[in-house]
1. Please quote Rg/Rh for the chain to two decimal places, taking the Kirkwood radius as Rh and restricting both calculations to Cα atoms.
2. Please give the per residue accessible area of the chain, computed with a probe of 1.4 Å over protein heavy atoms only, in Å².
3. Kindly write out, for segment 462-468 in residue order, the coupling ³J(HN,Hα) from the Karplus curve 6.51 cos²θ - 1.76 cosθ + 1.60 (θ = phi - 60°), rounded to whole Hz, with x marking Gly and Pro.
4. In a shell of Cβ-Cβ distance under 13 Å around ALA5, excluding ALA5 itself, what net charge do Lys and Arg (+1) and Asp and Glu (-1) give?
5. I need to check one value: relative contact order of the chain, counting alpha carbon pairs closer than 8 Å and at least 6 residues apart, in percent.
6. If I take every Cα pair under 8 Å that is 6 or more residues apart in segment 4-93, average their sequence separation and divide by the length, what percent do I get for the relative contact order?
7. Rounded, prolate or oblate: pick one for segment 4-93, where a ≥ b ≥ c are the square roots of the eigenvalues of its C-alpha gyration tensor, a/c under 1.5 means rounded, and failing that, prolate if a/b is larger than b/c, else oblate.
8. Taking amide H positions as placed 1.01 Å from N in the peptide plane, with prolines and chain starts having none, which residues 5 or more places from GLY421, or on another chain, fall under 5 Å of its amide H?
Amino acid sequence: MFKHAQLESVKAWLTDPAHGALVRHVRIQRAIRQLILEGALPVGKPLPASRSLASSLGVSRDTVESAYSQLHAEGFIERRVGSGSFVSQRARCLPSRKRQRPAQSEATVQLSRRGEALLHSGGVHNFQSPRPFAPGVAETRRFPLAVWEKLERQVYKEYGTRALEHSEPQGMFALRSAIADYLNLERGAQASADRILILTSSQQALGLCAQVLMDAGDRVLVEDPLYQGTRKAISAAGLQGVPVPVDAHGLQVDGMAQLAPDARALFLTPSHQYPTGATLSLDRRLLAIEWARQQRAWIIEDDYDSEFHYAGRPTACVQGLDSHARTLYIGTFTKSLGAGLRIGYLLLPPQLVAPMTAARTLQDGHNASIAQLTLARFMEDGHFNAHVRVMRSLYAERRDVLADLVQRHLGAFLRPQVPVGGLQMPCHFIQNLAEDAVVRAARGAGIDLLGLGSLYAVPRNDAGLLMGFAALTPAEMREAVLKLEKVLAGLAR
Ligand SMILES: Cc1ncc(COP(=O)(O)O)c(C=O)c1O
């Protein structure tokens, strides 16, 4: 007593691999329930006798009986001895899925102003490895997985099922200690475990800073050019970013106070400005600290890739120079170990530990304990420093290979600017090429690039490409450079 289409839709449910995890009678029950909810089987409609439906579906009568019993128990059908099964009177009160479907004009969602701002920011799109030349992507194929596995097993052994309990909201003490030791030793920071807040990423840290320290409408100073993740975190919080130009010595700190005398914070990448690669000079660091003291403003120091400095040691971080506790230091393991690990952190002035931790717990509670505990051991046992050392020399070689390949094959179009650190190389156009068109055409050829000009708030004559080199072997880079040569030659014609 089903129409052809209704029988077909029950059959489709039964055979759809997406429902493979459900036993047959549940699939039949769900299929009929859906027909009732959609109004395709109206109140009072008789259902086929179980024997006849079983034979149409090629299942046993018991299977259909089980499905009908469940529908009966849920109130979707009534069963009368001698007359069969019918769609229940109670189904009249069910919200019809068909009727609920919004009209076309209602289909657009009504978001809050905050929701609109988040949507319009477009979110942060991370490049996926291993497409060449995605900027900022680390080489994960060299990660000492066997060591990590061994340490993770140790964690399970020591903690057992306790590892599945909630972590301390600020992060596991062992990891906070290991990070504080690392920062004091390697980055010249003033760190202690009680001032570290473990997070999933720098992105989370940037978002927290933007939301907790400032109110919508407040002005903050930002580098121009600027990392997209910072720009989006700032606009999502409703802040107004005031761009400050960058030169070969980093942010032009001396003029910035006049640009926005009321600015509440300064977002900085002092070790390795993103994307120009400039290192902020010491006198400018000191000026920035003095500005923050006088203004009672914050410096948000994003130290995203300072592990990878190829000419001597990187300069100590701003946080370590700031004796007024106005600097929040952001670190991440995205570049040093891999983005998928999703561990970053904030080193905070003491008075900000409680508010930042509270704000973070409202977002997602805390990080997963097992990864935190494994990473703590990885650092304590010296594997982190050893891995960074190996990758540093590998990346330095790869940087030189890319510079050479660009000069040899793309020299007619691009001038490489060999960076002293980091995982990517800015390459400037020496021909009049449209950055957008190059990025689009390259993407079509399987190559991910970021346009340099797109990162400026105030348009400047600095069109070009940001090319990642860390995640690619020399052979992979060569193959991609030859493809890019064809793309550029095609566009330059
Ligand atoms: C300047 C800057 N900050 C932060 C990050 C990202 O770090 P995370 O993955 O921890 O958000 C990147 C990554 O490209 C970056 O370039």
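1. Details: Rg = 29.5 Å, Rh = 26.5 Å.
A ratio of 1.11.
2. On the way: 23280 Å² over 493 residues.
Here the residues of the chain average 47 Å² of exposed surface.
3. Each residue of segment 462-468 in turn: 9, 7, x, 10, 9, 10, x Hz.
4. Working: positive: LYS3, LYS11; negative: GLU8, GLU38.
Here the count lands on 0.
5. Details: 823 pairs, mean separation 81.5, N = 493.
Once divided by the residue count of the chain, the mean separation gives 17 percent.
6. Working: 94 pairs, mean separation 26.0, N = 90.
Relative contact order of segment 4-93: 29 percent.
7. On the way: a/c = 1.64, a/b = 1.32, b/c = 1.24.
Verdict is prolate for segment 4-93.
8. Answer set, sorted by chain and number: TYR310.
The values are calculated or read from the model by the stated rules, or taken from the named source; none is laboratory data. Computed from a prediction, not measured in an experiment: that's the story for all the values here. For neighbour counting, all protein chains shown are included, and Cβ atoms are generated from backbone atoms with ideal geometry for every residue, glycine included. Accessible surface is based on the protein model in full, side chains and every heavy atom, while ligands, DNA and RNA are left aside. Shrake-Rupley method; radii C 1.70, N 1.55, O 1.52, S 1.80 Å.
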